[in-house]
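Worksheet: one structure, shown below.
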Amino acid sequence: MLDLGALRSELRERRRALIEGFRHARPTVEAAVRLVRQLSREVDATLQQLWEGSTLPRGAALVAVGGYGRGELFPYSDVDVLLLLADAPAGDAAAAAEAGESVSAFITACWDVGLEIGSSVRSVADCVREAQSDVTVQTAMLEARFLTGSRRLFDEFRRATREVLDPVAFLRAKSLEMEQRHVKYENTPYSLEPNCKESPGGLRDLQVLRWVALAAGLGRSWREMASTGLITPFEVRQLQRNEGLLKLIRARLHAVAGRREDRLIFDLQTAVAESFGYVHTAERRASEALMRRYYWAAKAVAQLNQILMLNIEERVNGSQDAPMRPIDARFFDRGGLLEVASDDLYQQDPHAILETFLTYQRTPGMQGLSVRTLRALYNAREYMDAAFRADPENRRLFMEILKQPQGQTHVLRLMNNSSVLGRYLWVFRRIVGQMQHDLFHVYTVDQHILMVVRNMRRFFIPEHTHEYPFCSQLAAHWDKPWLLYVAALFHDVAKGRGGDHSELGAVEVRRFCRDHGLEREDARLIEFLVKEHLTMSRVAQKEDLSDPEVIQAFARLVRDPRRLTGLYLLSVADIRGTSPKVWNAWKGKLLEDLFRATLRALGGARPNMDAEIELRQQEARQMLALHSMLPGAEGTLWQTLDLNYFVRHDSGEIAWHARALNRRVDTREPVVSARLSPVGEGLQVLVYAPDRADLFARICGYFDSAHFSILDARIHTTRAGYALDTFQVITAHINQAYRDLIALVENQLAAALDTTGPLPEPSRGRLSRRVKSFPIPPRVQLRPDERAQRWLLSVSASDRSGLLYCIARVIAQHHLNLQLAKISTLGERVEDTFLIDGPALQHNRGQIAFETELLEALA
């Protein structure tokens, strides 16, 4: 009788010793390969002991499948096994019941000794039947490995399952499955938290290659595939090297996490990096060094996977000898794929490397590069050296690519995926796989840059006009789109070096323009766009756009409408290329408002606020008449408002306020009115109530408790001492029942403002994993405005629920008057700006006390 307790202790101790030995050993590929094989052998021995002590029927077999079938077990991977049973005699119910009990007892014993097994119980006939309809079963059986029991039954199983395997159907199914998996992981190896097993460029991509090659009879290992001519010896070395690194990272990840974890999540990246021996430096985090190494390996795997899958497809489908249409002396059209005329084309003439992508752009119907072309590019990397980059013909070809009427997005991505872009633009190579720890970019620097180029390109494509109507309108009158593509390509190219990446990027693009012979005016425009690519967003989101001085200062910076238009288009493309969560309609409106106001200033129109206010009031009266409001009824409210109110609100908002407050101007009860935002996203909420120091804090407290995010707040105090505040808010709950939501906000917020007593303590909002891993030290800056009458408070911190209420509460406790709030959330970082005044800020001691308390609340 087996002592399961002793067996469990022995297995646990042996596995612990192997994992601990690996953790303390040098982080080498050999150590990782040795570990996964030793862990597999330990489990083999344990299962064989359990099998021998079981009462399983004679003639049964135990088979390892999945990764365990390959003889590889990562520290916390599941153990997948198949219990193969011989067909029971027909009608022998007792034997079947007895077999079921013994199988159940065996599986229970496996769990009792600490093996987390994934088990299936089948006969050979069951396996054949399931393999005919389920590609997952076919895949598992391809890697089946005999463990113990009946060898005869196992051989019968292998023979029967191989007979039903159709290489063409299997290849098609695995290709579709891989495409779906890539879509799930956003079609990029460059996710900031990649899954080293499942993401594009991960271990699963290499396993797919082995499966389809094995099914097609083209080899089980990389060397066997080389012997059949499927891959070259150089590719074998690249596959082995990058597969080894991915296995090492996965094994270290398991060992550090102490659990099955295949995602390089932020919480673990630093610990895994330190286990490799990486250390933090002033220039780069340890985790950045590790992730950069991972991205380079994943990129190589993605390239090799594409080459080999196309090659296997040609072999399996017999299309390698299909007729081709000649394009010119160098290239052919192979069924929509661009094919080089000879394998040594790039060695014979390196100019043909960039010519490949130009031909791809110019040839209608091209869908990609053929396996022969991809392989030739992969093997030609050593020819893309300094002389290649300085060659005038190559510089001309690269500019031709940018100046083509279409195809820039696809071509630049192809160039990046095939490593050509980074080898031609050496400055771009430095940011391939460069992480961004700023809490709002979700892509590596190179992927973000290509996303911005894509966004810029879409401004010029009629099919995308519905996405960016105003940008498309401006782009239609822009004569040289390629200038904007160059600016987009270089705007973040100097990230990760330390210093101001905008300034450094301007230096790099100035050099590029000089080397590529751009005209002086074009070069100056591009340099300006790169240097100032953050400025328009900062002004729009942080400064008071109703202040004529703000507009005049920005107009002096941009100098002319062409530079303004270019900067606007780059700003929109940049923000939309950071993360799907960063852009919203409100930010779009702020940028457009700044653009239009600056354009008027550049046109020589001096601000005439009296005329502008009169126009807004006239338009508001017309809107009120459409709502059957009596002429002059708005006067009661407007008499209590000063010029600042009319400057900060457009005619639609002025009319809405007048309707909401008609005959309620003197009320002592809070008035709350909400509507769908005219911007097209979220709600606009009007709050009108007798002013008091804690009013803004109570409003923020309500929105926080109701799970609304405040995008903008315009604060105004009437001559009669009433607060007239307008908030732009968003929530995930706005749907077709928005009328109910509006009624809820109006009732609940009014009730919240009726309460008195001390402000409640702020709740400690939950921090996201990303914020925990890359915290931003809170920063508070307090400085007087240009007239030294009010103070500009800037707050920067990691985002969390309740953060704005914390700030508002401190402002209220110091009895400060809030005149303007600009709320800017960039992913998981907030950068808020408040215009405040009050007696507490008239002395240094009061300023220091306020800033100190604010920092404590943010910490």
Query raised in the report: Within segment 638-657, can one find any residue that is touching a residue at least 24 places away in the same chain (Cβ under 8 Å), more than 16 Å from residue 717 (Cβ to Cβ), among the polar types (S, T, N, Q) and touching a strand residue (DSSP E or B) at 6+ places or on another chain (Cβ under 7 Å)?
Result: no
Query raised in the report: If you go through segment 844-853 one residue at a time, do you hit one that is open to solvent by 10 Å² or more (accessible area, probe 1.4 Å), touching a residue at least 12 places away in the same chain (Cβ under 8 Å) and under 39 Å from the mean Cα position of the chain (by Cα)?
Result: yes
Report task. Look at segment 108-129 and say how many of its residues are part of a helix (DSSP H, G or I), under 15 Å from residue 53 (Cβ atoms) and in contact with a helix residue (DSSP H, G or I) (Cβ under 9 Å, 6 or more places away or on another chain). Result -> 3
Query raised in the report: In segment 204-241, which residues are surrounded by 22 or more Cβ atoms within 10 Å (Cβ to Cβ) and under 18 Å from residue 433 (Cβ atoms)?
Result: 205
Report task. State which residue is surrounded by the fewest Cβ atoms within 10 Å (Cβ to Cβ) when the search covers only segment 105-116 and only residues that are at pLDDT 90 or above and out of contact with any Ser or Thr (no Cβ under 8 Å at 6 or more places or on another chain). Result -> 108
**Report entry** Subset of segment 645-693 [assigned to a loop (DSSP other than H, G, I, E, B), in contact with a Ser or Thr (Cβ under 9 Å, 6 or more places away or on another chain) and crowded, with 16+ Cβ neighbours inside 10 Å]
**Finding:** 649, 661, 662, 665, 682, 691
Query - Tally, over segment 694-726, of residues that are open to solvent by 10 Å² or more (accessible area, probe 1.4 Å), touching a strand residue (DSSP E or B) at 6+ places or on another chain (Cβ under 8 Å) and without any contact (Cβ under 8 Å) to a residue 40 or more places away in the chain - result: 2
Query raised in the report: Quick one: in segment 65-89, which of the residues that are assigned to a strand (DSSP E or B) and out of contact with any Pro (no Cβ under 8 Å at 6 or more places or on another chain) is farthest from residue 38 (Cα to Cα)?
Result: 84
**Report entry** Residues of segment 521-536 satisfying the condition of being free of Cβ contacts under 8 Å to residues at least 12 places away in the same chain and either touching a helix residue (DSSP H, G or I) at 6+ places or on another chain (Cβ under 9 Å) or open to solvent by less than 40 Å² (accessible area, probe 1.4 Å) (or both)
**Finding:** 524
Report summary line: Within segment 355-378, residues being assigned to a helix (DSSP H, G or I) and open to solvent by less than 50 Å² (accessible area, probe 1.4 Å) number 14
Requested in this report: Give just the number: which of (1) in a helix (DSSP H, G or I); (2) out of contact with any strand residue (DSSP E or B) (no Cβ under 8 Å at 6 or more places or on another chain); (3) among the aliphatic types (A, V, I, L, M) does residue 749 not satisfy?
Outcome: (2)
Query raised in the report: Where residues in segment 581-622 are modelled with pLDDT under 90 and of a type in the set (S, T, N, Q), which of them is nearest to the chain's Cα centre (by Cα)?
Result: 584
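Do we find that residue 630 is open to solvent by less than 70 Å² (accessible area, probe 1.4 Å) and either small (Gly, Ala, Ser) or out of contact with any Gly (no Cβ under 7 Å at 6 or more places or on another chain) (or both) in this structure?
Spelling it out, it is not the case that residue 630 is open to solvent by less than 70 Å² (accessible area, probe 1.4 Å) and either small (Gly, Ala, Ser) or out of contact with any Gly (no Cβ under 7 Å at 6 or more places or on another chain) (or both).
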Report summary line: Of (1) touching a Gly at 6+ places or on another chain (Cβ under 7 Å); (2) assigned to a loop (DSSP other than H, G, I, E, B), residue 51 fails just (2)
Query raised in the report: Can we say residue 732 is touching a residue at least 24 places away in the same chain (Cβ under 8 Å), within 25 Å of residue 762 (Cβ to Cβ) and in a loop (DSSP other than H, G, I, E, B)?
Result: yes
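If you go through segment 224-233 one residue at a time, do you hit one that is under 30 Å from the mean Cα position of the chain (by Cα), over 18 Å from residue 40 (Cα atoms) and not in a loop (DSSP other than H, G, I, E, B)?
Step one: list which residues in segment 224-233 are under 30 Å from the mean Cα position of the chain (by Cα), which gives none.
No, there is no match, as no residue in segment 224-233 is under 30 Å from the mean Cα position of the chain (by Cα), over 18 Å from residue 40 (Cα atoms) and not in a loop (DSSP other than H, G, I, E, B).
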**Report entry** Restricting segment 547-579 to residues that are open to solvent by less than 20 Å² (accessible area, probe 1.4 Å) and assigned to a loop (DSSP other than H, G, I, E, B), the residue that is farthest from residue 490 (Cα to Cα)
**Finding:** 579
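The values are calculated or read from the model by the stated rules, or taken from the named source; none is laboratory data. A quick note: this is a predicted structure, and the numbers were derived from the prediction, not measured. Because the Cβ atoms are built from the backbone with ideal geometry, glycine has one as well, and the counts that use them run over all protein chains shown. With ligands, DNA and RNA removed, areas are computed over all heavy atoms of the protein, side chains included. Shrake-Rupley method; radii C 1.70, N 1.55, O 1.52, S 1.80 Å.
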